[in-house]
Amino acid sequence: MLARLAGLSALPFYAAALGGCGRRSAEGPSFTGQTIGAGFALGHRLFTGELLDRPVARHEQVEVAILGAGPSGLAAAWTLFRNGVRDVSIFELESAPGGTAVSGSNTISRYPWGAHYLPVPVERDELLEALLEEAGALVGRDASGAPEWAEEVLCREPEERLFYRGLWWEGLYPRAGATAAELAERDRFDAEMRSFAALRDGKGRRAFALPSRLSSEDAELLALDRIPFSEWLDARGYRGARLRWVLEYGTRDDFGSSLAQVSAWAGIHYDAARLSGRHAGGAQIEEAAPFLTWPEGNGRLVETLLRPVASRLRTGHL
C-alpha cells in the first residue's frame, strides 16, 4: 500500500495543503520494519525457471491437483468436496495457507495480513451463503427468505482513509485542494457507476453483479471486455490525475494491473457491482453494501474453507 501511495507525489496539491501546517516535514515520516508473509525469494526462483532443471522427485496420480491454497484454491477444493470429489491434492508454496487473505494473531487479538472484508452478497448465491453459514456469519432468514447476518460481523458504515506524509485524509479520493472541476469529474463518475448498478437487462439481470456469473450477457455490455479501461475513460472524458489515481488504486488492488491492462468491463464491475439498491420515495437508490468482517479478516473464511480439506493440503511445495 505504501508503494501505491507514492504515486500521489505527482499531485501538487499536497505540497500546498501541508506546507503551512508545520506538523510534518515535506519528506514525510520514515518507517522501519521487514517484509514478512509471502516467500518472495522462493517466488523469484520459480519465476526465473531455475527450478525447472531439477530432476523429478516422484510421480503421483491424483484426480484433481489444485495449485495454490489461497481463497480461490481452497474454494475450489471445498466445492469439490461438497460434490463428492475426494481425490484432491492442494499444493501451496508457502508454509501456511491463506494467500491474499492470510491472517495472524498475538496475545491481544487476531488480525488480517491481507483481505479483511467481504461485501454482503447483493444477489442470492447458494454456495456463498452456505460458506458464510459455516463461518457463523449467516444466522437465519427473514420471512421473505433473505439472509440475516450476525450483528457482530456486520460493518454497516465502512470508512476508508488515506495516509500520506504523516497525516490521515478522509476517503480514498484525495479531495484536499481539489478544484471544482476535479470534484465535478469525480461526482460524474460516481453517478455513472450508480447508473450501471441500477441497469437491468431484458431478463432482469444486473449489468454488473457479484458473483460475476450473474452479470448480464448483453452484447453491448460484453463489448466492454474488449477495450482497455483507460480507453473507456478517455472516451468518456475522465482524464483527471486524481480520479485516475484512485481508479488505478482499485485495479491494482483487485487485479494487480494498471488501467491500461484491465478491460473496461472489469474496471466498471469493480465499482458498480458493489452497490446495492434500496427504494426511497419511489426511487431506486444505489448505495454501497455493508461489509462482513472478522478480527482476522477473511482469514476466517480461509479457515472455514480449509476445514473439510485440511488433510489434502501440502505446504512448502513449488
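The values are calculated or read from the model by the stated rules, or taken from the named source; none is laboratory data. Bear in mind that the values here come from a model prediction, so they are computed numbers and not experimental data. Cβ placement follows ideal geometry from the backbone for every residue including glycine, while neighbour counts extend to all protein chains displayed. Ligands, DNA and RNA are stripped out before the accessible areas are found, and what is left, the full protein with its side chains, is counted by its heavy atoms. Shrake-Rupley method; radii C 1.70, N 1.55, O 1.52, S 1.80 Å.
Could we say that ALA150 is surrounded by 16 or more Cβ atoms within 10 Å (Cβ to Cβ), touching a strand residue (DSSP E or B) at 6+ places or on another chain (Cβ under 6 Å) and over 23 Å from GLY240 (Cα atoms) here? Taking the combined requirement at face value, the residue does not satisfy it. The lone criterion from (1) open to solvent by 40 Å² or more (accessible area, probe 1.4 Å); (2) more than 30 Å from GLN61 (Cα to Cα); (3) under 18 Å from the mean Cα position of the chain (by Cα) left unmet by SER103 is number (1).
Annotation note: of LEU93, LEU80, LEU52, the sole residue that is open to solvent by less than 100 Å² (accessible area, probe 1.4 Å), among the aliphatic types (A, V, I, L, M) and not in a loop (DSSP other than H, G, I, E, B) is LEU80.
Residues in the stretch 172-186: is at least one in contact with an Asp or Glu (Cβ under 6 Å, 6 or more places away or on another chain) and open to solvent by less than 40 Å² (accessible area, probe 1.4 Å)? Yes - at least one qualifying residue is present in the stretch 172-186.
Residues are listed down the side, and each one gets a yes or a no for (1) at pLDDT 95 or above; (2) small (Gly, Ala, Ser); (3) out of contact with any Lys or Arg (no Cβ under 7 Å at 6 or more places or on another chain):
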| residue | (1), (2), (3) |
| --- | --- |
| LEU259 | yes, no, no |
| LEU275 | no, no, no |
| PHE291 | no, no, yes |
| LEU306 | yes, no, yes |
| ALA310 | yes, yes, yes |
| THR315 | no, no, yes |
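The set of residues from the stretch 142-182 being of a type in the set (A, V, I, L, M, F, W, C), over 30 Å from ASP125 (Cβ atoms) and modelled with pLDDT under 95 comprises LEU162, PHE163, LEU167, TRP168, TRP169, ALA176, ALA178.
From the list GLU60, GLU27, pick out the single residue that is open to solvent by 70 Å² or more (accessible area, probe 1.4 Å), in contact with a Lys or Arg (Cβ under 9 Å, 6 or more places away or on another chain) and either modelled with pLDDT of 80 or more or of a type outside the set (Gly, Ala, Ser) (or both).
GLU27
Restricting attention to the stretch 110-129 and to residues that are closer than 21 Å to SER215 by Cα and not charged (D, E, K, R), the residue that is most open to solvent (accessible area, probe 1.4 Å) turns out to be LEU127. Taken across the stretch 228-241, residues that are in contact with a Leu (Cβ under 8 Å, 6 or more places away or on another chain), in contact (Cβ under 8 Å) with a residue 60 or more places away in the chain and at negative phi do occur, with at least one present. Within the stretch 190-236, if we keep just the residues that are open to solvent by less than 20 Å² (accessible area, probe 1.4 Å) and aromatic (Phe, Trp, Tyr), the residue that is nearest to LEU172 (Cα to Cα) turns out to be PHE229.
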